[in-house]
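Each remark here refers to the structure printed beneath this line.
The values are calculated or read from the model by the stated rules, or taken from the named source; none is laboratory data. Keep in mind it's a predicted model, so treat the numbers as computed, not measured. Note that each Cβ is placed from the backbone with ideal geometry, even for glycine, and that neighbours are counted across all protein chains shown. We work out accessible area using only protein heavy atoms, side chains counted, and drop any ligands, DNA or RNA first. Shrake-Rupley method; radii C 1.70, N 1.55, O 1.52, S 1.80 Å.
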Amino acid sequence: MSLKKKLIVLNTTIMLGLGSAFAIPSVKAEENISDIQSQRTGIQADISEAAQVIQELKKEQSKMNSQIAQIETAMKENDEKIKDTKQEIKDTEEDIVSLKKEIKALEERIAKREEVLKERALSFQESGGDVEYLEVVLGSKSFGEFVNRVGAVATIVEADQQILSEQEADKADLEKKQATVEKKLQRLKDMEVELKGMQSQIEDQKAETVNMKAKIEKKESETEALKQSLENKDAGLEAQIASIRESIKKEEERKASEKADLDRAAEEVNSSSEGSTSSSSEESSSSSKGEASASGSSKVESSSNSSKNSSAAKPAASKTETSSKPSSANTGSAITAGYKYIGNSSYKFGGGRTASDIANGLFDCSAFVAWAYKQAGVNLPPSTDALKNAGRQVSDSQKQPGDLVFFNTYKTDGHVGIYVGGGKFIGSQSSTGVAIANMESGYWAGVYNGRVVRVN
């Protein structure tokens with residue numbers, strides 16, 4: 001074989017070898033990158049979803065913090081009310097002590113008067129027992145004695161009448177004072193019991209809210225940890241891709257260096273050969289370039305397919321959002337009247353009974369129910385005890401929107417609201433003000449007593 005043919009064969013073999021060396025590893029590497037990128041796409045979708053969950057949990061946390069602040073405000077106001085009530089009880093008990101002293105003095109005066117009357121009766125008996133005043137007067141021996149006796153009798157009668165009149169007045173005054181003070185004291189003691197019960201209820205609701213907040217914080221922490229883990233995994237995959245690409249680059253540089261060395265060797269051989277050999281070398285070089293071009297086309301096509309596969313592998317993000325809002329249909333105008341105060345009111349013990357309180361959305365539970373029904377043209381009493389008898393009682397299974405529902409909070413039937421359907425009721429809650437609450441789970445499910453009153 002001539003030197004020319006040998007050089008052609010040598011160059012062709014080298015170029016074919018280099019083409020395969022470049023094409024095969026590059027294609028496999030790009031396939032690996034495509035697979036890793038598909039994994040990253042899925043992980044990034046999970047990271048995005050975790051971020052949305054964290055955002056929702058932060059909103060819930062903010063809401064819980066607001067509720068806790070409202071509860072603490074209610075507890076503070078209730079504490080002040082309890083403190084004031086205790087002071088009133090103390091003042092009233094001091095009034096009772098003073099009254100007891102007055103009563104003792106009054107009883108002593110009454111006792112003295114009774115002694116006087118007793119002595120009169122005894123003296124009367126000693127002077128004849130059943131002798132009447134008329135007999136005393138008619139028994140006079142002279143006109144002067146008659147006048148004296150008439151004067152004496154009149155004085156005795158007047159004194160007796162005065163004593164009896166004072167006696168009756170003192171007794172009436174005593175009874176009035178006793179009744180007033182005892183009524184006030186009983187009212188204050190009842191209020192203290194009610195306030196303490198309300199405080200206990202508020203504390204329970206705070207504990208429940210704090211517990212819910214702790215659960216949300218735990219879930220947020222777990223989601224943050226999951227998100228961090230996913231981000232770490234994604235960073236690891238990204239590093240793998242960078243490493244593969246770096247390896248491809250180094251391999252390409254190494255192959256290019258080998259090719260340059262072979263090219264230089266070929267040129268040295270060509271320079272020492274005949275002119276015809278140089279022509280053969282050019283043909284071989286042209287063949288090599290064609291192979292390299294084919295290899296480059298293969299790599300571009302592989303990269304394009306990889307990009308398409310990566311795009312196809314990316315899952316479409318979808319999230320179905322549902323919201324439940326109690327329908328106002330068939331719940332009555334009493335319910336719809338209260339909607340304007342949701343999120344725009346505060347609980348106030350004894351509130352909702354003045355125009356100022358109503359304008360500012362300050363209600364207690366029974367006053368809110370009475371106000372709401374008044375907007376529907378129905379007059380109801382603003383107290384839970386009276387509302388129990390404001391209509392006819394029906395069974396829990398028969399309750400309908402608009403019915404009154406009762407709860408055993410600090411006392412039996414201590415809280416009342418208006419049923420709106422779907423296991424929920426609207427009322428003025430101590431922790432939230434006017435709000436729609438679930439009576440089939442959580443705190444309210446535990447205190448619902450099954451009493452249902454239908455107003456009309």
*Looking at Val369, Val453, Val416, which is the one that is within 25 Å of Asp190 (Cβ to Cβ) and touching a Gly at 6+ places or on another chain (Cβ under 6 Å)?*
Val453
*So, in segment 223-262, of the ones that are charged (D, E, K, R), within 46 Å of the chain's Cα centre (by Cα) and open to solvent by less than 60 Å² (accessible area, probe 1.4 Å), which residue ends up modelled with the highest pLDDT?*
Asp234
_Pairs with Cβ under 7 Å, 6+ apart, first in segment 167-185 and in contact (Cβ under 8 Å) with a residue 60 or more places away in the chain, second among the hydroxyl-bearing types (Ser, Thr, Tyr)_ = Val181/Thr92; Lys184/Thr92; Leu185/Thr92
*asked:* Looking at Ala45, Ala69 in this structure, which one is assigned to a helix (DSSP H, G or I) and surrounded by fewer than 13 Cβ atoms within 10 Å (Cβ to Cβ)?
replied: Ala69
_Breaking point among (1) touching a Phe, Trp or Tyr at 6+ places or on another chain (Cβ under 9 Å); (2) open to solvent by less than 40 Å² (accessible area, probe 1.4 Å); (3) in contact (Cβ under 8 Å) with a residue 24 or more places away in the chain; (4) outside any strand (DSSP E or B), for Ala367_ = (1)
*Could you identify the single residue in Glu94, Glu102, Glu88 that is out of contact with any helix residue (DSSP H, G or I) (no Cβ under 8 Å at 6 or more places or on another chain), assigned to a helix (DSSP H, G or I) and open to solvent by 60 Å² or more (accessible area, probe 1.4 Å)?*
Glu94
*Those residues of segment 370-396 which are of a type in the set (A, V, I, L, M), outside any helix (DSSP H, G or I) and within 25 Å of Ser431 (Cβ to Cβ), in sequence order*: Leu380
*Look at segment 74-85 and say how many of its residues are touching a strand residue (DSSP E or B) at 6+ places or on another chain (Cβ under 8 Å) and loosely packed, with under 13 Cβ neighbours inside 10 Å.*
0
_Lone unmet requirement of (1) within 30 Å of Val434 (Cβ to Cβ); (2) out of contact with any helix residue (DSSP H, G or I) (no Cβ under 6 Å at 6 or more places or on another chain) for Leu57_ = (2)
*What are the residue pairs meeting all of these: first residue in segment 73-90, first residue closer than 17 Å to Lys348 by Cβ, second residue modelled with pLDDT of 80 or more and not polar (S, T, N, Q), Cβ atoms under 7 Å, and 6 or more apart or on different chains?*
Ala74/Tyr347; Asn78/Phe349; Lys81/Phe349; Thr85/Leu188
*Select from segment 406-456 the residues that are open to solvent by 10 Å² or more (accessible area, probe 1.4 Å), assigned to a loop (DSSP other than H, G, I, E, B) and among the small types (Gly, Ala, Ser) and list them in ascending order.*
Gly422, Ser431, Ser441
